[in-house]
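For reference, the structure discussed in these notes is given below.
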Amino acid sequence: MNSLTTYLFIAALLFSLGIFGVFQRRSLIGMLIAIELMLNAASINFMAFNRFLAPDPIVGQIYTLFIMGIAAAEAAIALSIIVALFRRLRSINIERAQELRG
Amino acid sequence: MNSVQSLIQPHLLAQAGFAAVVVLTFAGALIAVFPRNILYNILGLIVCLTGVAGLFVYLGSPFIALMQLLIYVGAICISIIFAIMLSRPLHLSVPKRRLPKVGLAAGVGAVVFLMLAGIISRTPWQPAVSRSSDWSVTTLGHYLLTRYDLVFEAISLVLLVAILGAIVISGYARRRPS
Amino acid sequence: MTSSWFQDPTLLAAALAALLPFVTFALIMIFTRPYPKLSAAISIAAVSVSLVCAIFLLSSHWHLEKPIQYAAKWIISGDIYIPFGFLLDQLSLVMLTIVAVISFLVQVYSLGYMAGDPGFARYYAFQSLFAWAMMTMSIAPTMLQFYVFWELVGLASYLLIGFYYEKFSASEAGKKAFVMTRFGDIAFFLGLLLVLFNFGNLNILDMNSVDVTARMSPALITLSAILIFGGVAGKSAQFPLLTWLPDAMEGPTPVSALLHSATMVAAGVYMFARIFPFFSHSAAAMNTFLAIGTITMLLASTMAMVTRDIKQVWAYSTVSQLGFMVMGLAAGSYFAGIFHLTTHAGFKALLFLCSGVFIHEFETNDFFEMGKYGGRGLKVPMVCMTVAAAALSGLPPLSGFFSKEAIMGGLAGLHNPVWLWAGLLGAFLTAYYSFRLIFSILFPRKIEKTHQGEHGGHGHGHDGGHHHVGIYWVMAWPLIILASITLVLGFFHTPLENFLVGHHGGAEAHGGHHAWLLYVAVGLALSGVGLAWLEFGRKGASQVGFVEKIEPMSRLFANRWYIDHFYRRFLDYFIYGIVSNLFTRNDRRVIDGGIDGICRATVGSGWALSFLQSGMLQYNLMVMFAVLALVALYFFF
């Protein structure tokens, strides 16, 4: 539990699960949830590097805080897009949002 | 009491806690990803984020763990729930799952994991030569308002713009008859 | 040097003279365009300051020893150094003064001529632009600065010729002037580049020094001199490019006076004089110029003999006099060319301004009509015009006489007598066509005094309205000033010559001042006048010139020797027929075909690739990540 690679592997697994979720879900909200997982994986990485490698343990924490801020902004925008798309398509199924189909 | 204390070693307790947190994280992540009912997903996400908060405690920063709970669990998950509530009870009609797509997604996920794992195991991680041990929240706040104040302001601006944009986007759709 | 900017009166005056008109132009265009009176006032004030400065410079440097040069660094590239600044020597001072005087008089005159025109403020803005460009050009220290302002002069001239832009022929004439001079300017620029690359310097003083022969081979000097002369031919309407000038008469008459008689077209000749020593390094080039000048002079004189348009006559005579100046310079008599340029500026501006009064009064350009409606009733312009025409013809006490004699003297100094005879023939023709016009107005066959009130010469002058009297005098004063200049300028022959060529020593070729030449020239001019009198002046004259009796000849002259037709044919057959046809083919087949092919290929491949584009966000992302992961794997293992 006290080694860097443990945490990195946990984060990598979380990230891969997120990717899997993003690709596999058919609802937009599901995809958003998966993206949150990926962001969290990134946060874990930052905190781990901060804990084991960084010269100044404050910087990683600040980065993590900023990631949270970005995540909040991203969630707000994504949710509003989802709501708008739902009004338009009467669905949040990503496979129906194919207006750019070639 | 004494016997119990001696029975359960402190580091053993810590390891058990760590295992619990990891299990919590992955169980939450799996629930967040797999079930087709979206409410389950959200609950899974909450569990997973709580687990990550626990990991942050183990990484030495209870403050960030608290913030994680506050922002993610308290704000983001709740707003997702609100979004579900705003868009009719469509979550009840669960979309079907198509096996090829799931397989493909699993394949890509596996490739990415392999790549990450390879990079992690192959990189010789070197800690910095001199490392300070100042983890106090005071210093963190000090840094936020001195060295990183520009970033801090930028993040605030981004948040403001994001909120305005969210209002505009959803409001625009409301005015539009469809 | 910069610290003494305001302490050095010379520099201050030069800067003021050269830059004030530009400030005026900007002011008028930006702020005062809606206020015509204010704009005119600003413009005239600025140009009078320039005039005062110019006269101050001329008088304070009357005993100038060597040229004064002020220069700021402008372009430095390797060993090429091109300054921007002022060069004050005898020639540029004289030119500056001429430009300032003519600009000032024309602007005052325009107060009357342009009164009530909707574009009044715009007109003054363009006048100021022109004055700025012309003055800065006159005192340019390098050929590059000279070229820049030369082009600005061209622009101002285009704007002024096309001033009545709503009139089709005017805008056409503006374009023609612009494009035709452009041909010359391209050659000019090429010549400058040749000099720049081979000599490494465009400084006028350096170009005029003997160093040039050391650093450039004679053939190269000849080539660049002929190329540079292309600019002269364009601007001064010399032989191959002479047809734009008569068309340029579409502009307002004061503009014709300013640009196309006294200053702008003289810019070409001025440039010739400016780098005269450079040109004179090449005898072959000088002979070419001499031929071109002669051809131009004779062609233009013949054209002037048949036209009925008063402005056209003066335009042709301008072309022919410019040809005369080029002849004089090319014959090696530097001073004679400049002197003729100076006197010509005076009397030609006078001629145009007088014509302007007639045109303004009778609203026609046909001088036979003017005569018919009582043109001789306008006393002041009539007298002034006669004086100017006499000067143009080279009759004795007037300025033109002295300058023409000087050029004739130069021509007589040449070995080949052809040039002298051509010059004398030109003098005869000039006298003939000028007095053809004068006599036609003075002694019309019949006078229709009661013509329509509006157009009656007397009627208009007197009962046409009181405001006209004021306008008439605003226009008359510049005429009187110019007429007196024309009268006296000739007697300044010697001081001017000492001023201009004092330190050039006795190198000038006017040892050929033969007495017989003087009598022959005056005699020929008088016989020209006499012929004109016989045909147009005496009672019961037919008022049909001898040229007009010979049908093919008059047709040839009236059609300008078919030069324009030749250009048109050339355009039609060569440019449109062959060159642009080839370009069109190239466009259609090669370029369009290529583009179309690319288009088709793009559309086709897009169609093919669109199967990949399902519109499914997740597949796109999936591919993206998979590729990213594979690339990373490839690089790490």
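Values in this text are rule-based calculations from the coordinates and carry no lab data. Computed from a predicted structure; not experimentally measured. Note that each Cβ is placed from the backbone with ideal geometry, even for glycine, and that neighbours are counted across all protein chains shown.
In the structure shown, the pairs C:LYS37/C:LYS176; C:LYS235/C:LYS348; C:LYS37/C:LYS235; C:LYS167/C:LYS404; C:LYS311/C:LYS379 are assessed against 27 Å; a Cα-Cα span above that value is assigned to C:LYS37/C:LYS176; C:LYS37/C:LYS235; C:LYS167/C:LYS404.
Please work out how much length the chain gains when fully extended from C:PHE570 to C:LEU12, using 0.36 nm per residue of separation minus the C-alpha to C-alpha distance, in nm with one decimal. Walk me through the numbers before you get to the answer.
Values: separation 558, 0.36 × 558 = 200.88 nm, distance 5.07 nm.
Answer, rounded to one decimal: 195.8 nm.
With r as the distance between the Cβ atoms of A:ILE77 and C:ALA26 and R0 = 41 Å, compute the FRET efficiency 1/(1 + (r/R0)^6) and round to 0.05. It comes to 0.25.
Per residue, the convex hull around the alpha carbon atoms of chain B comes to 231 Å³. Distance distribution note for the range C:175-272: the fraction of Cα pairs above 17 angstrom is 54%.
Need one word for the range C:283-361: rounded, prolate or oblate. Basis is the Cα gyration tensor (sqrt eigenvalues a ≥ b ≥ c); a/c below 1.5 gives rounded, then a/b vs b/c decides. Please report the intermediate quantities before stating the final value.
Working: a/c = 4.96, a/b = 1.76, b/c = 2.82.
The shape class here is oblate.
Using the Cβ-Cβ distance between C:ALA45 and C:ILE480 with R0 = 22 Å, the FRET efficiency computed as 1/(1 + (r/R0)^6) comes to roughly 0.50. Think of chain B as having a plus end and a minus end, set by charges on the Cβ of Lys, Arg, Asp and Glu; of B:GLY60, B:ILE167, B:GLY118, B:ILE167 sits farthest toward the positive end of this dipole. Per residue, the Cα convex hull of the range B:50-155 amounts to 194 Å³. Normalised Debye scattering of the range C:315-375 at q = 0.14, 0.20 Å⁻¹ gives log10 I(q)/I(0) of -0.52, -0.75, counting only Cα atoms as equal scatterers and leaving out solvent. With the charge dipole of the range C:26-159 set up from +1 on Lys and Arg Cβ and -1 on Asp and Glu Cβ about the Cα centre, the Cα lying farthest toward the positive end among the listed residues C:PRO34, C:TYR124, C:LEU51 is that of C:PRO34.
Rounded to the nearest 0.05, what FRET efficiency do B:LEU157 and C:TYR634 have when you use their Cβ-Cβ distance and R0 = 51 Å? Write down the numbers at each step before the final one.
Numbers: r = 39 Å, r/R0 = 0.77.
Result of the calculation: an efficiency of 0.80.
If the chain linking B:ALA106 and B:SER136 were pulled fully straight, counting 0.36 nm for each residue of separation and taking away their Cα-Cα distance, it would gain 6.6 nm. Helices in chain B that qualify as membrane-span-like (whole DSSP H runs, Cα extent of at least 20 Å along the helix axis, mean Kyte-Doolittle hydropathy of 1.6 or higher) are B:10-33, B:38-58, B:99-122, B:149-175. Summarise the long-distance tail of P(r) for the range C:92-137 by giving the % of C-alpha pairs beyond 13 Å. In whole percent, the long-distance tail amounts to 56.
Any chance you could list the semi-axes, whole Å, largest first, of the equivalent ellipsoid that the Cα gyration tensor gives for the range C:89-235, using √(5λ)?
Numbers: eigenvalues 234, 69, 18 Å².
Ellipsoid half-lengths, sorted descending, are 34, 19, 9 Å.
Each Cα pair of the range C:10-51 feeds into the Kirkwood radius, which the Stokes-Einstein equation turns, at 4 °C and 1.567 mPa s, into a diffusion coefficient of 125 µm²/s.
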